[in-house]
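Input: a single structure, listed below in structure tokens.
The values are calculated or read from the model by the stated rules, or taken from the named source; none is laboratory data. These figures come from a predicted structure and were not determined experimentally. Counting neighbours? That spans all protein chains shown, and the Cβs are built from the backbone with ideal geometry, glycine included.
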Amino acid sequence: MAVVDASIWVAYFHPQDKFHKEAVKIVKKLIESGEQIRLPTLAFVEVAGAVSRATKSAALADKALATMRSLQAEYGDWTVTAWNPRPVQ
């Protein structure tokens, strides 16, 4: 299972983001591997707001949300309401 935070999705959907290429590689690798993807519940709101602000395009923010929802529909429920990471040992 991989937890993919909003920052990766923002970079994925924003071509001018300095981490865009890296984010695309990460997301594609996770999808192709079949690994279960999880994300915080607020990620949808965070991604929409950040993409809209960074690109000044509500349409691109809508496209980002539509893409995330289609991935969710295709690969199953991948949203978590709480995440408690294990402490590093």
Task: Residues that are closer than 12 Å to Val3 by Cα and of a type outside the set (D, E, K, R), drawn from segment 22-42 - done: Ile26, Val27, Leu30, Gln36, Ile37, Leu39, Pro40, Thr41
Task: Count of segment 7-58 residues which are among the small types (Gly, Ala, Ser), modelled with pLDDT under 90 and in a helix (DSSP H, G or I) - done: 2
TODO: Take segment 22-34 and flag every residue that is surrounded by 12 or more Cβ atoms within 10 Å (Cβ to Cβ), more than 11 Å from the chain's Cα centre (by Cα) and closer than 14 Å to Leu71 by Cα.
DONE: Leu30, Ile31
